[in-house]
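The values are calculated or read from the model by the stated rules, or taken from the named source; none is laboratory data. Everything quoted here is computed from the prediction, not taken from an experiment. With ideal geometry, Cβ positions are generated from the backbone for all residues, glycine too; neighbour counts draw on all protein chains shown. For accessibility, only protein heavy atoms count, side chains too; no ligands or nucleic acids. Shrake-Rupley method; radii C 1.70, N 1.55, O 1.52, S 1.80 Å.
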Amino acid sequence: MPIEFLGMGAGNDSTETSPATTPFFDPQYAARIARIHEDNNWDHVLFAYNSTTQDPSVHAAWVAANTERIQLRLAHRPNVSHPTFAARSFLTLDHIAQGRLTVHFITGGSQADQAREGDFLAKDARYGRTQEYMQIVRRVWSGGSFDWSGEHYRFDDFASGVGPFAGKRPGISFGGSSEAAWAVGAAEADIYALFGEPLADAAGQQEQVLARAAALGRVEPLRWQIAFRPIVAATDELAWEKAHAILSTFEARRSAGEVIDPVRHYNQKPEAAGTQRLLAAAERGDLHDRALWTALAKAAGGGGGSATALVGSYDTVTQAILDYHDLGFEIFGLRGYDFVPDALEFGQHVIPQLKQEVAHREQGRTAEEIRASHAAARARVVGVPS
C-alpha cells in the first residue's frame, strides 16, 4: 500500500496570499505546474470544480496531453450534466490519459454556489442524487445497454460505445463529513477523502464510514485520503516563520478588502460539515498533535476546506504524515501557498523520504497485516482528546 501524494492542478498562480500574475486560466501555466508535479515525485494532480472555474474536464484533457505519468483527479458535480453524458466524457478523457483518471464526485458544500448553476436541491437530497449518479456512471462503465428508473434519473436502453481504457474503469473518489456523506461514501467510493483534522477526529470519521460499509456487507477495502496545506522548511524555526508570514499576509489582504480567492467565499457562514469540523478543531486550539496548525482555518472562516496546515521541518512534517499513514491514510492532498516553489520543495525534500520509510515499514507484510495495523492504530487514538 504505497503512500501517494496529490497536488493542485492549478489553472493560474493565484492563492490566498498572492493575486494572480497569469490569466484566470492559463494553459501554459496549467501544463507547467502539472509537469512540475510529475517530475518531482508527486503521484496525482487535482482539477477542482466551482461555478466560477474553467471546465475541469477540458483542463484535465489538456494536462493529459502534456504529461506522461501523473494521475488525474477530476472533480465533478452531478448537477451540471446528465450521468450518461458524464460517464462517456470520463471514459473519453481516460482514453486520452491512457488510464490515469479518477473522478472525484462532489455533492456541494455551498447552497449559493449550487444555485448559481440552477441547482436548488437541499443538501441531504443532493447526497441522494450524487449516489444515484455514481451508480449510473459505474453501470455505464460496466458495458452493455440498460434502463434506469430512479428518484432523480430515468432513461431507456442506454449503452456507451466507448468502454474503459484497457478494460479497467476509472476510479471513484468521494468525500464528506456528514452522516449522509458517510453513508454514500461507504457504499460507492473507491477512495474516501477528508479534510485535515486532528488524528483522533480523522480516525473517528474513518470508523463511522467503515461501520456503514460493514453494515452494507462491503468486502473490498476503501482507500483513504486526507488534505492539508504544507508549510515546510529546513528547520522548524524557519517553517514557523513562513507560517506566520502566510497568516499575516492572508489577514492583511482580507482587511484591505482584496478578493482573496475568486473561487472560495471567505467570511460566509460555513455550510459544509467538513468546514464546520475544521473550525471546531481551531476553537479547541491552534496546534494539534505533532504539527497540525489550525490558525489558517480560523482566518479563512467559511472559506471552504483544506485550510489546516502541517507546519515544520522536512523531518517533522514527514513524521506527522506518517502518524496519519498509520491510521490508514494512503493519499495526501497537499496544496501550498505558492504553487511552484511549494511543489518543488515538498516534492524534493519530503516525498522521497516518506516513500522510502513507508516501503521499509511495509516490506514483507501482507495487505491484510497492514490493514490490521491501521485498525489497531485507529482504535488507540479514537476518543483521545487532541
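Each Cα pair under 8 Å and six or more residues apart adds its separation to the average, and for the range 108-177 the resulting relative contact order is 21 percent.
Please find the FRET efficiency linking ARG32 to VAL162, where r is the Cβ-Cβ separation and R0 is fixed at 25 Å, and quote it to the nearest 0.05. Here the calculated transfer efficiency is 0.25.
Near ALA203, within a Cβ-to-Cβ distance under 15 Å, what is the net charge of the other residues, with Lys and Arg +1 and Asp and Glu -1? Neighbour charge sum, excluding ALA203 itself: -2. Count Lys and Arg as plus one, Asp and Glu as minus one, and take only other residues whose Cβ is under 13 Å from that of MET134; the net charge is then +3. Rolling a 1.4 Å probe over the heavy atoms of the protein chains gives the chain an accessible area of 41 Å² per residue. VAL80 contributes an accessible area of around 60 Å² to the protein surface, as traced by a 1.4 Å probe with all chains present.
Loop-resident chymotrypsin sites (Phe, Trp or Tyr not before Pro) (DSSP state other than H, G, I, E or B) in the range 77-165 with no more than 13 further Cβ atoms inside 10 Å of their Cβ: PHE120.
Largest to smallest in accessible area, the residues SER306, SER373 fall in the order SER373, SER306 (1.4 Å probe, all protein chains included).
Each of ALA211 and ASP39 was given a label point 7 Å from its Cα along the Cα-to-Cβ line. The distance between the two points is 4.9 nm.
Heavy-atom accessible area, probed at 1.4 angstrom with all protein chains present, ranks GLU362, GLU151, GLU241 as GLU151, GLU241, GLU362, highest first. Solvent-accessible surface (1.4 Å probe) assigned to HIS44 amounts to roughly 10 Å².
All other residues whose Cβ lies under 13 angstrom from that of ARG284 are scored, Lys and Arg at +1 and Asp and Glu at -1, for a net of -3. Rolling a 1.4 Å probe over the protein heavy atoms leaves ASP190 with an accessible area of roughly 40 Å².
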